[in-house]
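For reference, the structure is listed below as C-alpha cells.
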Amino acid sequence: MGHADQGNDRSSTTTRKGYDLIAQGFGKGYNGTLMLVVSGDGASQFAQTVSERLKAVPDVDGTSIVSRSS
C-alpha cells in the first residue's frame, strides 16, 4: 500500500538528490505520506477524532492533516 516516490529513483538522479536533501533538512519521514481511510457508521466523526489526535503527536506536521468526508 506504499506510494512510489522519488526515494525509489537512482541516487544519481536530480529528483532523488532533491528527495534526499528534503529528508536531510526536515528529518526522516518528511517525504512520506500517511493516508488513513475509514468507512462505515460514524466514519466522519471518527476521522475527525483521529485527525485531532494526530495533531498532538510529536513531530507530526499538523498543518498537513486534512479530514474529509464524501
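Full extension of the segment from Asp20 to Thr49, taken as 0.36 nm per residue of separation minus the current Cα-Cα distance, would add 7.2 nm. For the chain, the longest principal axis of the Cα atoms and the long axis of helix 14-26 meet at an angle of about 60 degrees. Under the criterion of Cα pairs below 8 Å and six or more residues apart, the relative contact order for the chain equals 16 percent.
Applying the criteria of a DSSP loop state and at most 11 other Cβ atoms within 10 Å to the trypsin sites (Lys or Arg not before Pro) of region 27-70 yields Lys28, Arg68. Rank Gly25, Thr14, Val50 by how far each Cα sits towards the positive end of the charge dipole of the chain (+1 on Lys, Arg Cβ; -1 on Asp, Glu Cβ) and give me just the farthest. Of the listed residues, the answer is Thr14. Between Ser12 and Val37, the C-beta separation translates, for a Förster distance of 30 Å, into a calculated FRET efficiency of about 0.25. Relative to the longest principal axis of the Cα atoms of the chain, helix 43-55 runs at roughly 50 degrees. Which one, Gly18, Gly42, Gly32, has the greatest fluctuation when you compute a Gaussian network model over the chain with C-alpha springs under 10 angstrom? Residue with maximal mean-square fluctuation among Gly18, Gly42, Gly32: Gly42. Global dimensions of the chain from alpha-carbon coordinates: Rg and Dmax equal 15.4, 48 Å.
No lab work stands behind these numbers, since they all come straight from the coordinates. Worth saying up front: this structure is predicted, and the values here are computed from it rather than measured. Positions of Cβ are backbone-derived with ideal geometry, glycine not excepted, and every protein chain shown enters the neighbour counts.
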